[in-house]
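One structure is given here, and the rest of the page talks about it.
None of the figures in this text is laboratory data; all of them are computed from the coordinates on show. Here the structure is a predicted model, which means the values were calculated and not measured. Note that each Cβ is placed from the backbone with ideal geometry, even for glycine, and that neighbours are counted across all protein chains shown.
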Amino acid sequence: MTKKQRWTADRIPDQTGRLFLVTGANSGLGLATTRALAGRGGRVILAVRDEEKGHRAVDELVAAGVAPGLLAVRPLDLADLDSVRAFAGRMREEHPRLDVLVNNAGVMAPPRTLSAQGHELQFATNHLGHFALTGLLLDLLAAGRDPRVVTVSSIKHRQGRLRLDDLTGEHGYAPMTFYDQSKFANAVFGQELHRRLSASGSPVRSVLAHPGYTATRLQTRDTSGLQRWIFIHLGNPHIAQRPERGALPQLYAATEPDVRGGEFIGPDGMAELRGAPTRVRLSTEATDPGTGRELWELSERLTEVRFPVTAR
């Protein structure tokens with residue numbers, strides 16, 4: 001018996017005619033995801049906070065051989081719910097459907113900062129912005145071909161919990177603790193969305209992915225002090241994989257035909273730090289329906305976005 005071939009981007013099926021939306025697409029995992037999808041013929045909307053950086057990313061991709069007609073840059077600040085609503089409105093004007101939403105963008109371990117609506121920045125960007133965006137575009141996704149929502153979580157979700165007594169960190173903020181909370185929220189959201197889509201008979205699949213330990217600007221852009229030194233001098237050079245490898249789980253989740261709703265895709269190597277995509281385990285807490293309902297109701301209240309799906 002021959003050994004099963006490990007999955008790589010070369011195995012992505014032809015994506016001609018499909019429309020993808022990738023948040024945080026101008027660098028790191030988002031750029032690697034965009035490059036792979038467009039390289040297989042998919043049209044990709046690069047949703048970016050900085051339009052200039054988005055256009056530079058497009059220039060880089062075109063120089064590498066990607067057809068420029070497959071790429072479009074649109075401004076989106078996930079930390080600002082007004083920006084999310086404006087972006088969704090423009091999407092609805094420009095497109096009758098959306099095939100895949102990749103909730104990829106994120107911030108990691110900045111000093112305590114509040115969003116435009118007064119939410120802690122990591123929770124606002126990594127979770128609330130993606131929650132609102134998904135809800136506002138869900139009907140476009142329902143009209144798509146093999147539609148999926150891929151939400152990028154982290155190994156660190158297993159250390160996270162919801163700090164409902166202090167969501168903004170006013171009474172005790174630790175950057176990585178609040179990052180873990182945001183990634184836990186991603187995991188809980190992806191699972192609860194799967195439950196609600198299934199109960200409503202929606203054709204949309206909610207799938208989760210994580211990149212293992214991948215060297216991107218995420219670890220060094222917002223972090224400071226000892227944490228930043230560790231990333232720059234120890235973790236990224238010696239342990240981390242490149243973004244092209246780290247993006248494989250979310251690419252698998254977005255394109256592999258046999259992926260099922262509710263699955264969590266991550267690397268198959270030691271401690272899930274690196275490797276080829278495989279199905280991995282969510283924490284027990286992330287799959288708890290009670291936690292899912294609690295986060296869902298909180299997120300609806302904070303974003304004022306209601307999904308056209310029902311709970312079981």
### Query
Over the chain, what is the percentage of antiparallel beta bridges among all DSSP beta bridges, to the nearest 5?
15 percent
#### Entry: Residue exposure sequence - Met91, Met270 - by fewest surrounding Cβ within 10 Å
Met270, Met91
### Query
Using alpha-carbon pairs under 8 Å, 6+ residues apart, how would you state the relative contact order of the chain in percent?
19 percent
#### Entry: More than 25 Å apart - percent of Cα-Cα pairs taken over region 12-303
42 percent
#### Entry: Karplus (6.51, -1.76, 1.60) ³J(HN,Hα), θ = phi - 60°, over region 56-70, in Hz, Gly and Pro reported as x
5, 5, 4, 4, 4, 5, 5, 4, 8, x, 6, 5, x, x, 8
### Task
Report, by chain and number, residues whose modeled amide H sits under 5 Å from the one on Asn103, excluding near sequence neighbours (fewer than 5 apart, same chain).
Val150, Thr151, Val152
### Volume per residue that the Cα convex hull of region 1-136 spans, once the total is divided by residue count, Å³
139 Å³
#### Entry: Using θ = phi - 60° and Karplus 6.51 cos²θ - 1.76 cosθ + 1.60, couplings along region 159-175 (whole Hz; Gly, Pro as x)
9, x, 7, 7, 9, 5, 7, 7, 4, 8, x, 4, 9, x, 10, 10, x
### Summary
Here region 6-20 yields Karplus 3J(HN,Hα) values (6.51, -1.76, 1.60; θ = phi - 60°; whole Hz; Gly and Pro given as x) of 6, 6, 10, 4, 5, 8, 5, x, 4, 10, 4, x, 9, 10, 10
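Sorting Thr33, Thr214 on the 10 Å Cβ count, fewest up front, what's the list?
On the way: Thr33 29, Thr214 25.
So the ranking, lowest neighbour count to highest, is Thr214, Thr33.
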### Task
Taking DSSP loops as anything outside H, G, I, E and B, show the longest stretch in the chain free of GluC sites (Glu not before Pro) there with at most 16 other beta carbons within 10 Å.
1-169
### Task
Please go through region 1-72 and write out the trypsin sites (Lys or Arg not before Pro) that DSSP classes as loop and that have at most 15 other C-beta atoms within 10 Å.
Lys3, Lys4, Arg6
### Task
Show the residues, 5+ positions off or on another chain, whose built amide H is closer than 5 Å to the amide H of Ala25.
Ala47
### Task
Please order Thr310, Thr151, Thr287 by the number of other Cβ within 10 Å, starting at the fewest.
Thr310, Thr287, Thr151
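Give me the dipole magnitude in Debye, nearest 20, for region 12-303 about the Cα centre, with unit charges on the beta carbon: positive for Lys and Arg, negative for Asp and Glu. Before the final figure, lay out the partial values.
Working: 34 positive and 32 negative charges, 107 e Å.
Charge dipole, region 12-303, about its Cα centre: 520 debye, nearest 20.
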### Task
Give the distance, in whole Å, between the Cα centre of region 26-82 and the Cα centre of region 254-312.
24 Å
